[in-house]
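Everything on this sheet refers to the single structure shown next.
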Amino acid sequence: MDQLIGEFDCKLDTKGRMVVPAALKRQLPDVERVGLVMNRGFEKNLVIYTREEWSKKMNQLAKLNQYNEKTRIFIRQFMRGATELTLDSAGRVLLPKSLLEYANIKGEVFLQCQFDKIELWAKDEYEKMMDSGSEEDFSALAEEVMGGFNFAGDGNE
């Protein structure tokens, strides 16, 4: 799968349905046929995966040592709330009420594509999080995270 790209403002209707933006739908050619999977994110957000990417995540988790207690706890937390999403004829997905409550999502949502997944946030929470740092903070973070990274990929870092 190609890497997903874009940010989208969306609104939920009174039933908790969201129209998948056309520009995003174009990046997900099989979405109407195979659907999507949503689960909880690591922060108070939700994450949407294609079925293909979800299967990859499940294969990774299946390789973990389930005799280890921390592994079992992680798997339970990661899988908590995981739900299949299908598009209706109007291109909408019904988002599960329990997941909306977890992420404190009521009306306006913000979608941010990240590589193989889509993060879904309450719009005001996303803006608050992104506005909490300064340009200097981002610059320092970039240096800390990427400063020693070997972009040549030859294993010498």
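Scanning for something within 18 Å of Phe42 (Cβ to Cβ), in a helix (DSSP H, G or I), modelled with pLDDT of 95 or more and open to solvent by 50 Å² or more (accessible area, probe 1.4 Å), does the stretch 102-117 turn up at least one residue? Spell out the reasoning first.
Initially, the stretch 102-117 is screened for residues within 18 Å of Phe42 (Cβ to Cβ), giving 102-105, 109-117.
Add one more test, that the residue is in a helix (DSSP H, G or I), and what stays is 102.
The next check asks that each one be modelled with pLDDT of 95 or more; those that pass are 102.
This time we only want the ones that are open to solvent by 50 Å² or more (accessible area, probe 1.4 Å), so: none.
No, the stretch 102-117 contains no residue that is within 18 Å of Phe42 (Cβ to Cβ), in a helix (DSSP H, G or I), modelled with pLDDT of 95 or more and open to solvent by 50 Å² or more (accessible area, probe 1.4 Å).
Report yes if Lys128 is under 21 Å from the mean Cα position of the chain (by Cα), assigned to a helix (DSSP H, G or I), over 30 Å from Arg33 (Cβ atoms) and not aromatic (Phe, Trp, Tyr), otherwise no. So Lys128 passes the test. Looking across the stretch 62-97, just one residue is within 25 Å of Glu127 (Cα to Cα), part of a helix (DSSP H, G or I) and either open to solvent by less than 70 Å² (accessible area, probe 1.4 Å) or of a type in the set (A, V, I, L, M, F, W, C) (or both), and that is Phe78.
Yes or no, residue by residue, for (1) open to solvent by less than 10 Å² (accessible area, probe 1.4 Å); (2) free of Cβ contacts under 8 Å to residues at least 40 places away in the same chain; (3) of a type in the set (A, V, I, L, M, F, W, C):
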{"site": "Arg17", "(1), (2), (3)": "no, no, no"}
{"site": "Asp30", "(1), (2), (3)": "no, yes, no"}
{"site": "Met38", "(1), (2), (3)": "yes, no, yes"}
{"site": "Phe42", "(1), (2), (3)": "no, yes, yes"}
{"site": "Asn45", "(1), (2), (3)": "yes, no, no"}
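The residue that is modelled with the highest pLDDT, counting only those in the stretch 120-131 that are closer than 21 Å to Val47 by Cβ and open to solvent by 90 Å² or more (accessible area, probe 1.4 Å), is Asp124.
The values are calculated or read from the model by the stated rules, or taken from the named source; none is laboratory data. Computed from a predicted structure; not experimentally measured. A quick note on method: Cβ atoms are made from the backbone with ideal geometry, for glycine too, and the neighbour counts reach across all protein chains shown. For the accessible areas, the whole protein counts, side chains as well, though only heavy atoms, and no ligand, DNA or RNA atoms are used. Shrake-Rupley method; radii C 1.70, N 1.55, O 1.52, S 1.80 Å.
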